[in-house]
Amino acid sequence: FIITNVYANNKSVVDITELTMIEEIDYLDKGVITSEELVNLYLDRINTYNDTFKAMITINPNIVEEAKEMDELRQKGEIKGRLHGITIIVKDNIDVKGMPTTAGAKVLLDNYPKEDAEVIKKLKDEGAIIIGKANMNEFAFSARESKSSFGTVSNAFRLGYTSYGSSGGSAV
């Protein structure tokens, strides 16, 4: 493998901008990269680009610890499921325990769910790590843009254009 710049601050043996989920799983299984390294690469990209694109609202405050735990389990041969150590971003109208569910509205910043939504439970049961919550059109009211009180999500291919749909943050 050749170390490649991933257009952020960290260097890695893989370019996360080109990886499929299947390739990520393969690289994790072969020990090419750890879940902690993967998480840090994604966090670095979020920190580098989120001010421009406004795609993310919340980052999981326990993300690095959760990734380390997945790595420790992998080293012991204890694989939780098919998504063990893979990071996933979810739209901010899906409940994730420990993170506010705002539906794109700052007025809901104190809305912490008591438990995970069923889909999140299933993802975690398979070993997925929820990296954070994506920006969206406030309360998913519009399909033309993703504009919330956290900012308007920019189009990843052409700044100044809409990201379209209420799931713009997830798309970007």
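The values are calculated or read from the model by the stated rules, or taken from the named source; none is laboratory data. Everything numeric here is computed off the predicted structure, so don't read it as measured data. Using ideal geometry, Cβ is built from the backbone for each residue, glycine included, and neighbour counts are taken over all protein chains shown. These accessible areas exclude ligands, DNA and RNA; they are computed on the full protein's heavy atoms, side chains included. Shrake-Rupley method; radii C 1.70, N 1.55, O 1.52, S 1.80 Å.
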In segment 41-80, anything open to solvent by less than 20 Å² (accessible area, probe 1.4 Å), under 14 Å from ALA128 (Cα atoms) and either assigned to a loop (DSSP other than H, G, I, E, B) or modelled with pLDDT under 95 (or both) is listed as ASN60
Over segment 151-172, the set of residues closer than 19 Å to THR48 by Cα and free of Cβ contacts under 8 Å to residues at least 12 places away in the same chain is PHE157, ARG158, GLY160
Answer yes or no as to whether LEU83 is at pLDDT below 90 and either assigned to a loop (DSSP other than H, G, I, E, B) or over 23 Å from VAL39 (Cα atoms) (or both). no
Which listed residue, of ALA128, ALA140, ALA105, ALA134, is open to solvent by less than 20 Å² (accessible area, probe 1.4 Å), farther than 30 Å from LYS68 by Cα and touching a residue at least 40 places away in the same chain (Cβ under 8 Å): ALA105
Find the residue count for segment 31-53, including only residues that are among the hydroxyl-bearing types (Ser, Thr, Tyr) and closer than 12 Å to ILE86 by Cα. 3
Could you say whether any residue in segment 101-117 is within 16 Å of the chain's Cα centre (by Cα) and basic (Lys, Arg)? no
Give segment 122-150 a look and list any residue that's among the acidic types (Asp, Glu), modelled with pLDDT of 85 or more and not in a helix (DSSP H, G or I), or say none. GLU126
For segment 151-172, name all the residues that are in a loop (DSSP other than H, G, I, E, B), in contact with a Lys or Arg (Cβ under 6 Å, 6 or more places away or on another chain) and not aliphatic (A, V, I, L, M). SER167
